[in-house]
Structures are given as structure tokens and as C-alpha cells.
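A.B. asks: This is the structure, below, for whatever I ask next.
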Protein chains: 2
Amino acid sequence: MDEEPRQRAHEQLKARTIERALFASPASVTWLTGFTPPIQLGVSPFAGGPPLLWYASGEWTLVVLDSDAPAAAASGCTVVSYRGYTSSAPIMAAEQLATTLQRVTGGASAGQLGIEERALPVFLRAVLPDTNMVAIDGLLIPMRVRKTAEELVKLRENFALTDIGQATARLAVRPGQTELDVWAATHTAIQRAAGQRVPLGNDCTVGRRAHSGGWPLDVEIQPGDSFVVDLSTQLRGYWSDSCATYYADGPTRRQIAMHRTVTEALELAISLVKPGAISGEIDRQVREFMVTAGYPLYSHHTGHGVGVTGHEEPRIVPYNDMQLDEGMVIMLEPGIYFPGETAIRLEDAVLVTGSGAEILTRHDKSM
Amino acid sequence: MDEEPRQRAHEQLKARTIERALFASPASVTWLTGFTPPIQLGVSPFAGGPPLLWYASGEWTLVVLDSDAPAAAASGCTVVSYRGYTSSAPIMAAEQLATTLQRVTGGASAGQLGIEERALPVFLRAVLPDTNMVAIDGLLIPMRVRKTAEELVKLRENFALTDIGQATARLAVRPGQTELDVWAATHTAIQRAAGQRVPLGNDCTVGRRAHSGGWPLDVEIQPGDSFVVDLSTQLRGYWSDSCATYYADGPTRRQIAMHRTVTEALELAISLVKPGAISGEIDRQVREFMVTAGYPLYSHHTGHGVGVTGHEEPRIVPYNDMQLDEGMVIMLEPGIYFPGETAIRLEDAVLVTGSGAEILTRHDKSM
């Protein structure tokens, strides 16, 4: 139970004279409470709406579907649940949630009421006390950038899972195997290590089609193919990320040169990470290195933060003047793409420390 | 491209003098358009809100994230997309979506405007023309119960996948293997057959813990265990379902008797399916059979519909007086549970035909 996010949010809400607030976005609820419903099958047909977190003058109440109440108990918040599935009556989860929320949020108050209006469904706004409402979407984002000690524990566990996935993928990439074969072996190893189901993204594809999407298909690995494996797992509400590139029967001369350049680009990126460094400046230097080396520029970011979402601040992109600070966790992922031919991307996670960067991913990124 | 759902909805909206409507729930959007964003990783961090479908006097406009536009094109609707991910500017997907929706829905009109207020986020309601709004949540549910010819094609494809999963699970259940081993083998076979990633639920567990949840864990299969495999896949927006029970080293005498009773209960349930049959009456007769056979009553439903959601009408539950009708697709799934000891559940999907039931699942449910 991590009290620090709620403490940070409480201070910020107080400073803005927001006495009461309703959080409805999955990222906010997870960051503030640790509670995360399973995501692999989309939204439960038995839920009346998203999990909600009610704040009233420093007190926190988590409103969840009845079947989620046991998991929500670990949050340290007051947990109130509403009825979802039943076989003895029509399922009225939305009505149950509305009634429950009305009960939780009722009572007169003159102050401001914050709501996350990008995540809150219209029917739930209607049951809130009719008062001075103010949108608080994005309020937590700056607070989420520096990770707490407990968040770092979860992130480290999660990066260890992607390390296991990468080690498995390295062995699975062989001519004649398909992208789905590599994916299945990798996902299986990750879930065995975690002892549970684990949501898994992002790319698992032969390099020749790595520029477009990258979810695995029934595509056979050919001699000469590079193979890009970019893994994001979600564990205890937190996301990991890592990328490596493998070669079905050893890299070609061209791939050897590309792989060396991307390795150096990643090393350069990591060397630039320290408190006070400007996100956009890291991006600029890595892109400049790539151009000087004679390669086309990758069209994506140089990096991004991770936490309760898989892509967040600090974004390592051209326009971003955000300064790095101790406790941030950043992905760095330069790549070279020749669409239809081959592609290479390498990615590490780093923690910004007082003196520079600690690398959190430990997978083998060699050729 | 299935025009029939939009035609049914158009007639219903016209009959209610709703000139314009905004659909926001995933089930509604999928049913009306066939479009389904990937669900396995939860909501995209680059989306500004859910996919939206705008109806105006018989014209349909689908509003999606830019990266979803190619998939949405198959819907046959006008597709309008908004910018999500970019590395050249801050991600302003919510603002982009709001502006896009305002443009799509703008223009004066005196008639009623229907909204799905359980799915529409507050910030999007604010950009709609300020007119006579009416909630239309649930409007499509009665229309969705009888499947169209094209929906049946998708459902059949999907049940064929669960058949492959069940055949794999049957071979994988052996003493010393874990629940996660069975799950991995099953999921791998399903994804290979589909040639793509496939979301998969629900239960894959030793019978002794089948009463509580049932997602696979690192639990080893012991001699004497029954093993409940309940598989739901999502393919092209539609859900399948099926269940069988396997025995690691052959069933015990007690399990043989239980398995026979559940087989008979399922056969009874299927024999009761025909146009005009009352859902609650099927439920009552199957429960009565179970009690007469001397077993404890299962706490869940006897069955339920499937389509763009995994659990929908007609629910085969005690209170339900809904009559079955040709074209409905129903799961039937009696079970016997002795918590902490053993459990057996068997499940088939049936299509209600003019004369009775056609079984859509073809997996081996024998001992």
C-alpha cells in the first residue's frame, strides 16, 4: 500500500481549494490506489462503469464492482462495491453503480468538486451533488512523473519479466518459425515466470514489416530476416517495455553495421540521461547521431516515460523542454527502418539517478 | 459489411422520432459497424475517447483514432478520424476528438438527439448541439438478440476456434502440468489457427478451485483432479464460449457419475430449445433435474446469449420470461461444484432454428 501518491494528490487538491474530487480514469485510479481490474478481455459485461475514486477532504473511497472488491481491499482506501452479476435478477450494474455513487458522494458542501470529465460517463455526472464543478483531467500527470519507492519495486519486477521474454524470444527466432510461434513462446515464458496471466504488447515481427504495426501474424521467418521484439507487460497496474532485434541465421553485413549504429545511438541516449537534462535535447542529439551515421531518421519518439500507462511523460521527442529529474523512469529506443527490407530497434529502460542513469532492463541486445 | 443492424436501428430510431444519435458503447459500435479496436491491452494511451458512431437521419459516421481508420473503413460508414499519437507535438487526442465530434455533429436541428449516456464521457457531451437529448442506452439490446446471417458466419468461425482450443486442452491436461501450461498450449493453438492474436477467457483451472474465478495460475495438476476449461475467444468483434471438463489420469467413480449427470443436464437443456420456449422455464427444468439427481445447485446461470458481448440476452436464468426465437444463439452450461474437492461443467452453443436447436460447438465433451 503506497500512501505517497494519495498524499501528493491531497496536497495539490488542497492547494487548488478542491475539497472533493471524483477520479474515473484507469491511470488515475491505479496510481492513487494500486487497484487495477483485469484488462485482457476489455470491459467486463457485468460492470456498470469504470472503477471510481472519491476524494473528500483527505478521505478516499474506492467504488468498484462487487467481484473486484477483494482485490480493491489492498488499496488501503475505504472500499464500497456495487452489484454486478447476478442470476436471480436482471443485471442492473449501471443503476447499482449510480445509486452507490450518489450515496458515497452525497451531503452538502460549498467547495469546488473536481471531476475527470474525459473518463466520467455522462450518467454518473448526473448523480453528483449539483455544485461548482471543475475539470481535473491531467491534474495528476506532473505528480506521476517521479516514481515513488513502491512504484520502482513494481517496475523492476515488471522489467525482469520482459527480460525473461527477451531471452526466450532470442532462442525462438529461427528460420521456418512464424511470428506467432515466437510470440507464443515469449508470452508463455512470461506468464510462467509471473505465475499468472499477463497482458503483453507490442511488436513481434520480421524486420521487413516492422515499420507498420508489428503485432505477430502467421508470417514465416526467412533467412536474412531481422526480427524486432518489443515487449510491454502489465503487472500490478504498471507497464514495462523493452526491445531487441534478433537474426534468424546471423545478421547480414548490412545488418551488422545497422545494429552497431543503433547500439551506439542507445548508448549515447543513456549517456545523456541525468537530472537537469532536457528531453528534447536528448532526442536531438540521438537523431543527429543517426543522420551523421548516414541512416534514415526513425519516425517515432526517441523515448518516453512508463508507469501506470505505457507511454507518458517525460516524452523524449523534439518539442519537449521538460527537464529530467531523479526518480523518473524512461524508455530509450532508437531504430533504423528500411520498409519492406529490414529493421533494427534496441530499447532500454533507465531510472534517472542523482548522478546519471541506472539501466533497469537487463536483456541481451547483442547481435 | 453487414447493413442489417444499421437498418434495424434506423427503423427503430425513426419510430421513436430520434433524428440524430451518438453511440459510444463498444457493443453498440461493433454491432452497428463491425469495427472493433484491439482490446488486449486495455484502452490505448493514444486514444482521446471511445470510438463513436454518429447517426443523422439515416446517415452513419464513424469517428475513430487515426491509427484505427484503416480497420474502420470496412464498416461501410463514412469514417472520420482524429489525431492520436505524434512525436512532433504534445498528444492532444481528447481535444482532437472533441473538435472532430463537434464538426461531425454540428448544424441546427429541432429533433431529438439520442445519446448513450452510460458510455459517453462528460467532455464529449459538452460539444454536442444543445438540443433535446434523450438517453438511448439499451435501445439496441432487443435488436441484437436475433443474429443476422453475417453475425452467424462470424460466430461459427469463432466457435471453431474454441473447438481447436478444447482439443488442445484435452491433450495438455496431465498430472504434473500446471494450469498455466494448459492455458499456454490452448491459447497458442487458437492463435495459430486464427493467424493472429486472439483475446481469450475464461476458466482454466483444476476442479477443486473452479468455484472461485478460474483464471489459470501456477497450480500443478494432481492425480484425481478434474480440470475445467471454459474458453471465450473474441474474433472480429464477436465472442464465443464453450466448456469441457478433463481428467488428468482418468475420472474417479464419483467424477464418472457427476460427468454423466452434467452430460444429461446439458442434453436436457438443448432438447428444450425451440422457438417459443421460455428462458426461465429451461433454467427451471435443468435445475430440477440436477436436484432430482441429488447434486447441489450451481450458483450461476444455466445459460446466456453471445454476440458482440460474451454475456447477453437471452439469459437462461430463473426470472427470465423471454421467449426464444429463431436466430438466437445461446450458451448452455450446467455444472456441479464441490468447492475444494472437484467440479464439472459442460457447455455448448446452440442456434435456435425453426424446429429446435443446431449445436454450433463441436468439441469433445466426453470423459
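The values are calculated or read from the model by the stated rules, or taken from the named source; none is laboratory data. Predicted model, so just to flag it, every value in this text is computed and none were measured. FYI the Cβ positions are ideal-geometry reconstructions off the backbone, even for glycines, and counts take in every protein chain you see. Ligands, DNA and RNA are stripped out before the accessible areas are found, and what is left, the full protein with its side chains, is counted by its heavy atoms. Shrake-Rupley method; radii C 1.70, N 1.55, O 1.52, S 1.80 Å.
A.B. asks: Put the label 7 Å from Cα along Cα→Cβ for B:Arg362; what are its distances to the other copies, in nanometres, shortest first?
C.D. replies: Relative to the other copies, B:Arg362 has label-point distances of 5.0 nm.
A.B. asks: Still on this structure, please answer the following. Can you tell me the dipole magnitude for segment A:264-356 around its Cα centre, using point charges on the Cβ only (Lys, Arg +1; Asp, Glu -1), in Debye to the nearest 20?
C.D. replies: Charge dipole of segment A:264-356: 120 debye, to the nearest 20.
A.B. asks: Let me ask another. For the pair B:Ala149 and A:Asp218, what calculated FRET efficiency results from E = 1/(1 + (r/R0)^6), where r is the Cβ-Cβ distance and R0 = 35 Å, to the nearest 0.05?
C.D. replies: 0.80
A.B. asks: Using 0.36 nm times the number of residues separating B:Ile39 and B:Ser88, minus their current alpha carbon distance, what extension gain do you get?
C.D. replies: 15.0 nm
A.B. asks: Same structure, new question: Extent of segment A:301-367 along each principal axis, from alpha carbon coordinates, in Å, largest to smallest?
C.D. replies: 40, 29, 23
A.B. asks: Can I ask one more? What residue among A:Gly58, A:Gly84, A:Gly42 has the largest mean-square fluctuation in a Gaussian network model of chain A, using Cα springs under 10 Å?
C.D. replies: Highest fluctuation among the options: A:Gly42.
A.B. asks: Okay, next question. Taking only the alpha-carbon atoms of segment B:226-284, what semi-axes of the equivalent ellipsoid follow from 5 times the gyration tensor eigenvalues under a square root, in whole Å, largest first?
C.D. replies: 26, 21, 7
A.B. asks: Provide the buried accessible surface between chains A and B in square angstrom, both chains summed, 1.4 Å probe, rounded to the nearest 100.
C.D. replies: So the buried area, both faces added, is about 4300 Å².
A.B. asks: Between A:Arg103 and B:Gln7, what is the label-point separation in nm under the 7 Å Cα-to-beta-carbon projection?
C.D. replies: 4.7
A.B. asks: If you place +1 on the Cβ of every Lys and Arg and -1 on the Cβ of every Asp and Glu, how big does the dipole about the Cα centre of segment A:286-328 come out, in debye to the nearest 20?
C.D. replies: Here the size comes out at about 260 debye.
A.B. asks: Please list, or write none, the lysines whose alpha carbon is within less than 29 Å of the alpha carbon of B:Lys154, excluding same-chain residues fewer than 8 places away.
C.D. replies: B:Lys14, B:Lys274, B:Lys365
A.B. asks: So if each residue of separation counts as 0.36 nm, and I subtract the Cα-Cα distance between A:Ala167 and A:Thr353, what length gain in nm does that give?
C.D. replies: Between A:Ala167 and A:Thr353, full extension yields 64.3 nm more.
A.B. asks: Residue by residue through B:121-130, how many Cβ atoms from other chains fall within 10 Å of the Cβ on average?
C.D. replies: 5
A.B. asks: Right, here's the next one. Using the Karplus curve 6.51 cos²θ - 1.76 cosθ + 1.60 with θ = phi - 60°, work out ³J(HN,Hα) for each residue of segment B:258-263 in order, rounded to whole Hz, and write x for Gly and Pro.
C.D. replies: 4, 4, 4, 5, 5, 4
A.B. asks: Using a 7 Å offset from the Cα along the Cα-to-Cβ direction at both B:Arg16 and B:Ala69, what is the distance between the two label points in nm, to one decimal?
C.D. replies: Reported label-point gap for B:Arg16 and B:Ala69 is 3.2 nm.
A.B. asks: For segment A:303-319 and segment B:56-94, compute the distance between their C-alpha centroids and round to whole Å.
C.D. replies: 23
A.B. asks: Sorted from shortest, what are the nm distances separating the label point of B:Arg16 from equivalent points in the other copies, each placed 7 Å from Cα along Cα to C-beta?
C.D. replies: Result, one decimal in nm: 3.6.
A.B. asks: List the residues of segment A:164-212 that lose 30 Å² or more of accessible area once all protein chains are present, compared with their chain alone (1.4 Å probe, heavy atoms only, no ligands or nucleic acids).
C.D. replies: Buried by 30 Å² or more upon assembly, which counts only protein chains, are A:Leu180, A:Asp181, A:Trp183, A:Ala184, A:Thr188, A:Gln191, A:Arg192, A:Gly195, A:Arg197.
A.B. asks: Starting from the Kirkwood radius over alpha-carbon pairs of segment B:3-156, derive D by Stokes-Einstein at 10 °C in a medium of 1.306 mPa s and give it in µm² s⁻¹.
C.D. replies: The diffusion coefficient I find is 99 µm²/s.
A.B. asks: Once you list every other residue whose beta carbon is under 10 Å from the beta carbon of B:Asp137, what net charge do they have if Lys and Arg are +1 and Asp and Glu are -1?
C.D. replies: -1
A.B. asks: Set Lys and Arg Cβ to +1 and Asp and Glu Cβ to -1, take the dipole of segment A:230-345 about its Cα centre, and tell me which of A:Ser279, A:His259, A:His311 lies farthest positive.
C.D. replies: Of the options given, the answer is A:His259.
A.B. asks: At 10 °C and a viscosity of 1.306 mPa s, what translational diffusion coefficient does Stokes-Einstein give for segment B:289-328, taking Rh as the Kirkwood radius over Cα pairs? Give it in µm²/s as a whole number.
C.D. replies: The estimated diffusion coefficient comes to 135 µm²/s.
A.B. asks: Please work out the average accessible area per residue across the protein assembly as shown, using the 1.4 Å probe convention, and give it in Å².
C.D. replies: Solvent-accessible surface per residue comes out at 38 Å².
A.B. asks: Decide, for segment A:168-284, between rounded, prolate and oblate: order the square roots of the alpha carbon gyration tensor eigenvalues as a ≥ b ≥ c, take rounded if a/c falls under 1.5, and otherwise choose prolate if a/b is larger than b/c, else oblate.
C.D. replies: Since a/c reaches 1.5 but b/c is at least a/b, the shape of segment A:168-284 is classed as oblate.
A.B. asks: Report, in debye and to the nearest 20, how large the dipole of segment A:27-153 comes out about its Cα centre when Lys and Arg carry +1 and Asp and Glu carry -1 on their Cβ.
C.D. replies: 100
A.B. asks: A further question follows. What is the helix-to-structure angle for A:279-292, meaning the angle in degrees between its Cα long axis and the longest Cα principal axis of chain A, kept from 0 to 90 and rounded to the nearest 10?
C.D. replies: 20
A.B. asks: Rg and Dmax of chain A, Cα atoms, in Å?
C.D. replies: Rg, Dmax (Cα atoms, Å): 22.7, 73.
A.B. asks: Can I ask one more? Would you calculate a helix-derived [θ] at 222 nm for chain B, using -39,500 (n - 2.57) for each DSSP H run of n ≥ 4 and dividing by the full residue count, to the nearest 500?
C.D. replies: -10000 deg cm²/dmol
A.B. asks: Still on this structure: How big is segment B:255-367 along each principal axis, measuring the range of its Cα positions in Å and listing the largest first?
C.D. replies: 39, 30, 26
A.B. asks: Could I ask something else about it? Could you check how much of the accessible area of the protein assembly as shown is carbon and sulfur, as a whole percent, using a 1.4 Å probe?
C.D. replies: Ligands and nucleic acids excluded, carbon and sulfur reach 52 percent.
A.B. asks: Give, in whole angstrom and from largest to smallest, the semi-axes √(5λ) of the equivalent ellipsoid of the protein assembly as shown, with λ running over the eigenvalues of the Cα gyration tensor.
C.D. replies: 41, 33, 26
A.B. asks: Let me ask another. Which of B:Pro216, B:Val206, B:Ala244 sits closest to the plus end of the dipole of segment B:169-255, meaning its Cα is farthest towards the positive end, when Lys and Arg get +1 and Asp and Glu get -1 on the C-beta?
C.D. replies: Toward the positive end, the furthest listed residue is B:Ala244.
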